[in-house]
1. Carbon-plus-sulfur fraction of the accessible area of segment 69-175, 1.4 Å probe, in percent?
2. Students often check this: by mean Cβ neighbours within 10 Å, which of 11-18, 167-174 ranks highest, and how do the rest follow?
3. Name the residues whose placed amide hydrogens come within less than 5 Å of the amide hydrogen of V60, ignoring near sequence neighbours (fewer than 5 apart) on the same chain.
4. By its C-alpha gyration tensor, with a ≥ b ≥ c as the square roots of the eigenvalues, how is the chain shaped: rounded for a/c under 1.5, else prolate for a/b larger than b/c, else oblate?
5. At what distance in nm do the modelled label points of T200 and Q141 sit from each other, each positioned 7 Å from its Cα along Cα→Cβ?
6. For T126 paired with Q56, estimate the spin-label separation in nm (one decimal), with each label point 7 Å from Cα along the Cα-to-Cβ line.
7. Just reorder W152, W188 by solvent-accessible area, largest first, 1.4 Å probe, all chains present.
8. Helix-only estimate, please: 222 nm mean residue ellipticity of the chain, summing -39500 (n - 2.57) across DSSP H runs of length 4 or more and dividing by its residues, to the nearest 500.
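The values are calculated or read from the model by the stated rules, or taken from the named source; none is laboratory data. These numbers come from a predicted model, not from an experiment. Methodologically, a virtual Cβ is constructed for each residue, glycine included, from the backbone with ideal geometry; neighbour enumeration extends over all protein chains shown. These area figures cover heavy atoms from the full protein model, side chains too; ligands, DNA and RNA do not enter into them. Shrake-Rupley method; radii C 1.70, N 1.55, O 1.52, S 1.80 Å.
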Amino acid sequence: MPRPVLYSGPLSMFGAKAQIAALEKGLDFELVMVPFEMRTLYQPKHPEVAHINPKQQVPVLVHGELEIFDSTQIFEYFEDLKPHPALWPQDRVLRAQARLLELKSDEVFFPPVIRLMGLQATPEDTAAIAARAAAADYYAQMDRIMRDGREWLAGPFSFADIAFFMAQIFADRMGAPMPEEATALLRWRDRMGARPAVATVAGVMGRYLLGQGRKLPGFLQEIVERTA
């Protein structure tokens with residue numbers, strides 16, 4: 001069977017999640033970065049992405065005759081394709097918790113961040129204030145989880161950690177950074193940034209942003225400098 005082909009984009013949070021997972025597992029895969037431009041975004045759509053995903057979004061994975069999309073579905077395929085190292089906990093309770101946290105990163109934490117993307121010119125707008133408050137509440141929840149001395153969000157390192165790390169990069173850039181008092185969570189972020197697979201993908205994204213004249217959060221700037 002040929003190598004898996006992963007279609008992503010330079011600022012795709014979901015594509016970055018899938019890429020980090022592939023690197024963490026040591027998979028031999030081909031990465032295709034689809035055309036992207038700040039003004040027109042992903043227009044025109046990459047034909048392979050448009051053909052496979054009805055939503056016409058990355059990430060998309062092609063492996064032989066298999067064509068799938070959605071970062072979580074790609075995660076699951078990677079886990080079956082190469083079970084070791086596992087990126088879901090082996091314990092069934094921890095595995096369920098990790099899956100829930102991965103879902104919450106996408107469906108609970110990230111929607112307020114998306115709202116902030118359209119409110120950058122009006123940070124004192126009621127909707128922007130509410131979105132930042134929602135992000136702060138989620139950070140507090142995650143910090144409480146980490147205060148029991150655990151190293152990762154759900155026992156062993158997992159997809160849950162990958163998902164939240166990438167989501168919080170976008171949150172910080174949109175004006176919803178982790179608060180200084182979330183010390184346990186900040187230490188978790190430092191551990192995440194030290195992982196080679198995470199640093200590789202985040203570093204490339206950071207360098208792309210710098211090339212577009214965008215300012216980086218301090219922790220992402222450190223990763224860029226370390227991986228230059």
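1. 56 percent
2. Highest to lowest by the protection proxy: 11-18, 167-174.
3. Distant-sequence amide H within range of V60: Y7.
4. The shape class here is oblate.
5. With each label placed 7 Å out from Cα toward Cβ, I get 3.2 nm.
6. 3.5 nm
7. From most accessible down to least: W152, W188.
8. -17000 deg cm²/dmol
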